[in-house]
Amino acid sequence: MSRNDTSDLIFRRVLAVFPISILILVAGILFQLVYSSLPSLSKFGVGFLFHNTWDPVNENFGALPFIFGTLVTSLVALLLAVPVGVGAAIYLAEYAPPPVSRVISILVDLLAAIPSVIYGLWGIFVLVPCMRDTIQPFLGKYFGFLPFFQGPNYGVGVLAASIMLAIIIIPFIISVSREVILAVPTVYKESAYALGATRWEALSNIVLSYGKVGILGAVILALGRAIGEVMAVTMIIGNNVKISASLFSPGYTLASVIANEFAEADTNLYLSALIEIGLVLLLVSIIVNILARLLIWSVTGGNSTEGMK
């Protein structure tokens, strides 16, 4: 074996340590969560996921209200954020004058860097009063026949938390989607124009088709941020262990119950139940990412690296 071959072998093995260390880290986190959750797992079993009572006094715990709150707030946030984020990215990449695009892109990056507790404070002093005095009365008046928009106007609640999550994740969607659209080779668009395509036809049939995997990746990144968001949601969701069809009702998420009650866990079973909530949050994140990967495969025909067909 030559000296160059030996150096290459050593370098390859050194690099292999890094992905292996990531696998070890994930396995270690999963092991610790499972081990610390054993008292709760032993007592409640699988029923922990489907039980809707959370009673620390009588040590009766169930995670269903938190799973429900996490999924509802994240999905509603995506419904609000994806059209705005992708639309803004298209405008900044394709239609905005370069100086305007650069300035707004800098502002978007600044929004993504704001700590979530700042968003939470803004939510308490601005969003919650606006929800209570304007948005919820409007929705209740014109859409109150739907169960989603019924109930008293507290201001805090699932809808307020969903809007806050949407505001938090929009910068991620804009930033990644804009870079994906800008990465589309110019020759593809010029070829479409040469064939007589309009700007909209080139955008919809060429640019978005080429960048669909990257845009889906941006949505997945945003969903992961929404599922794991703690402080901003905890401050305005109302923190009520109740499952309700109304988006006006206060709720709870997996992350917020851990943040709220971990310091108050005064028994081993209570602490174990909260750690099992963390395990459930990790598993929900894994399942969501698996489903998102399946979605990407279905869009790209099984080839996640495929661009435009």
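The values are calculated or read from the model by the stated rules, or taken from the named source; none is laboratory data. Remember, predicted model here, so these are calculated numbers, not experimental data. Please note: Cβ atoms are built from the backbone with ideal geometry, for glycine as well, and neighbour counts cover all protein chains shown. Ligands, DNA and RNA are stripped out before the accessible areas are found, and what is left, the full protein with its side chains, is counted by its heavy atoms. Shrake-Rupley method; radii C 1.70, N 1.55, O 1.52, S 1.80 Å.
For this structure, a couple of remarks:
- Most fluctuating residue given options F66, F143, F248, as computed from a GNM of the chain linking Cα atoms under 10 Å: F143
- In this structure S7 has an accessible area near 60 Å², from a 1.4 Å probe over the protein heavy atoms.
- Axial C-alpha extent at least 30 Å, average Kyte-Doolittle at least -0.5 - helices from the chain (DSSP): 3-36, 64-90, 158-182, 268-300
- Farthest toward the positive end of the dipole of the chain, out of M131, N60, Y193, is the Cα of Y193, where the dipole comes from beta carbon charges about the Cα centre.
- Charge dipole (Cα centre; +1 on Lys/Arg Cβ, -1 on Asp/Glu Cβ; no other charges) of region 64-300 amounts to roughly 500 debye.
- Average projection area in nm² (convex hull over Cα atoms of region 90-175, one quarter of hull surface): 7.0 nm²
- Ordering of 86-98, 168-180 by burial proxy (mean other Cβ atoms within 10 Å per residue, highest first): 168-180, 86-98
- For region 161-309: Kirkwood Rh in Å [reciprocal of mean 1/r, alpha carbons]: 18.2 Å
- Each other residue within a Cβ distance under 11 Å of S272 adds +1 if Lys or Arg and -1 if Asp or Glu, for a net charge of -1.
- Within-15-Å neighbourhood charge of A81 [Cβ basis; K, R +1; D, E -1]: +1
- Residue-normalised accessible area of region 64-300, expressed per residue, 1.4 Å probe, Å²: 47 Å²
- Mean ellipticity per residue at 222 nm, deg cm²/dmol - from DSSP H runs of n ≥ 4 across the chain, formula -39500 (n - 2.57): -21500 deg cm²/dmol
- For the chain, a Gaussian network of Cα nodes joined below 10 Å ranks V57, V117, V233 by mean-square fluctuation, and the top entry is V57.
- Rg and Dmax of region 64-300, based on Cα coordinates, read 20.1, 71 Å.
- Whole-percent carbon and sulfur share, accessible surface of the chain, 1.4 Å: 70 percent
- Solution diffusion estimate, µm²/s, Stokes-Einstein, region 214-281, Kirkwood Rh from C-alpha pairs, 25 °C, viscosity 0.890 mPa s: 183 µm²/s
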